[in-house]
Each structure stands twice: as C-alpha cells, then as structure tokens.
1. Please list, ordered by chain and number, the residues whose modelled amide H lies under 5 Å from the amide H of GLY305; skip anything fewer than 5 residues away on the same chain.
2. Normalising by the residue count of region 134-212, find the relative contact order in percent from Cα pairs under 8 Å and 6+ residues apart.
3. Treating the beta-carbon of each Lys and Arg as +1 and of each Asp and Glu as -1, no other charges, what is the dipole magnitude of the chain about its Cα centre, to the nearest 20 debye?
4. Output the Cα-based Rg and Dmax of region 134-212 in Å, rounding Rg to one decimal and Dmax to a whole number.
5. Under unit Cβ charges (Lys, Arg +1; Asp, Glu -1), what dipole magnitude, rounded to 20 debye, does region 134-212 have relative to its Cα centre?
6. Hey, what does the equivalent ellipsoid look like for region 76-235, semi-axes from the Cα gyration tensor as sqrt of 5 times each eigenvalue, largest first, whole Å?
7. Quick check on packing: order 201-214, 274-287 by the mean number of other C-beta atoms within 10 Å, highest mean leading.
8. Please state the relative contact order of the chain as a whole percent: Cα pairs under 8 Å, 6+ residues apart?
Amino acid sequence: MSAIIKLEKKHFPVLLNELISIISPLYGGTFIDCTFGQGGYSKKILENSKNKIIAIDRDTDVYLSANELEKKYKNKFKFKNIKFSQINNLNIVKEDIKGIVFDLGYSINQIRDLKKGLSFKSKGKLDMRMGINDFTCHDVISNLSENNLNKIFKFFGDEKYSKNIARKIVKMRGLKLINTEDLVEIIESVKKFNNPKINKSTKVFQALRIFVNKEISELINGLVNAFKILPVGGVMVVVSFHSLEDKIVKFFFKHYSENKNTSRYIPNKKNNFKCFNLIKKKPITPSLEEIKINPPSRSSKLRYGIKISDNCNFNEFKQKFKYLTDIENLGINI
C-alpha cells in the first residue's frame, strides 16, 4: 500500500527526504518496510551499504519489484508476502532492527489497476482486494444489510449521505448485480450537489476499500505487533493519508508518549507509562515543492516515535477504536 506516484517513469515516495533524515542516525542495521509497494523507501535505505531491509506487502503484484531488489542486494534484502499485522511472525532473531516504516497510502499503479477495482473509474465487477482477503467488494454490496452498509459508509468514509446510498444499493440489487458503474451511478443520483475538490464517489469507495481489506484492524494490530519486535532505541515511522488513519496513529504515539495519572484522586502521582519519545509532537507534512510535483502527497502526514520501554500495554488503544473494528467484523460471515 505504498503511496508512490508514477511520473515520467520514475517513482516518488511521499516524504522520502523527511523519512531518511529521521532514520539516518540509526544506519547500520536492519529496517522493516511494512508496505513495500514499488520499493521507493527500501531502495533509498539500501543506498547505504551498511543497511539491510526486510520488506513485506500483502499485494502479490509487487513481486517483480521485490525480485529485482533481491537480485541487486543479495543478503541485504528479503521480501515476505504477508499482511503487516503479521509482522511479529517474521524470523528476526539474528537481525539488528533499527526502524520500522509504514506507508499507508495506495499507489497510483494500484488505483489504476482495473482488475483490483479500487477506483470509481474502474469498470465491471467490484473487487477492491489488496491480497490475503476473505471477501470482495462485490460480496459486501450484494450481501450486507442496509443498516450495515450505512455504518461502513458513515464511519469509514464520513459520508453524509450514507443512509440514502445504502438504501438505493439494497433497492437496486434486488433487480440486478451491482457493478462499479452501477455503484457510481447510485452515489451520483443521491449526491446532487457538486464539490469541485472531491469526486462524489470518493468517500464511499474509500469506506469500501477500508472494509474489504480490514485496514483499521490491520493498522491497529500492525502498530502493536511492530512495537513488540522493535528494540528499545528503535524508531517507528508512519505515513498516513486520511483523517481516520491519522486519528489512530496520532493516538498511538501521543497517548503512549505521556505519563498518566495512576488515580484521578491523586493528580500529582505519576505512573511511568511512556513507551515512546516523540521528537516532534505535530505531524510532518510535505513541502509545497513536493505537493507541486506530486499532488496526491498533499494529504500525507508523517508521525514517528523512538521506543524507550518494553513495558507497555495497548489494551486502551484497542478499546479506543473497538467501535471501528466491530464494524469491520460485520463481514466475517459474508
């Protein structure tokens, strides 16, 4: 899910210079690229001969790029086709892990891949699977109740017209199988007013991509499991692209970088609760120059933290966003 665009046959990873400046003091070890994509971050990190990369991605279409790096950087680059929530299953006993990187965006290559059906510009059957999935978007649109579709559009897409769109979907699917063009038509028929800055279908398609790929559960479990395998002193870097992702990432770093009161009745008594040291409390965003070259980067935010303790419990983090993971689990029986 690497947020890289293709321009003049070159790939431009989002916030690359900022990422490198953060991890370069730690050079001389192994970095885990949790969202390999087209390999933009991995390639840059491997330019330093002292570095090694373990790259993972759920999308099998990235094998070509991964194979090229495996040939070029023998014994310095490994690729695993797994979801990043499974990062704790990697064999890293002998690795000197210095940093873990997440880039949560979709690449233009993925969006334009018609067989994936991620975009409202796609044609034919609704799919949206990124790899290692339990069901397709077609399954969701064809089987979930009006109420559950409403929840998906509302909470994952912040779609104002979620209820009306869900109602129209259920009505149309009683007459025919709904494909991508039909879904776009439904959305446009409900949303009469134009916003020149955003396509009418953007929020619904975002919501469905999140649901089909269980991106909320993936992110929460990926962050927690990455923390478990990251040594004290290592850095975790996350680049997010929409407000829901950033809300989760922000809470993860901010909440676990602060001392908490052990009791509201003893306000001055602190618990040594900190798991991260945050060098910057506010997110790093792209420069105007980068946005000009790569417009999709405009919504990106980079947050990072240095691990300072192993003694952290993330139950509160999981509970905070349980209302979202519960919605994702509506698809279990599809």
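1. Amide H neighbours of GLY305, under 5 Å, 5+ apart: MET236.
2. Normalised by residue count, the contact order of region 134-212 is 41 percent.
3. 640
4. Expressed in Å, the Cα Rg and Dmax of region 134-212 come to 11.5, 35.
5. Values: 15 positive and 9 negative charges, 82 e Å.
The calculated dipole for region 134-212 is roughly 400 debye.
6. Working: eigenvalues 252, 47, 44 Å².
Each semi-axis is √(5λ); the values are 35, 15, 15 Å.
7. 201-214, 274-287
8. So the answer I get is 17 percent.
No value in this document is a laboratory result; all are computed from the given coordinates. This one's a predicted model, so the numbers in the text were calculated from it and none came from an experiment. Every residue, glycine as well, gets a Cβ built from its backbone with ideal geometry; the counts of neighbours run over all protein chains shown.
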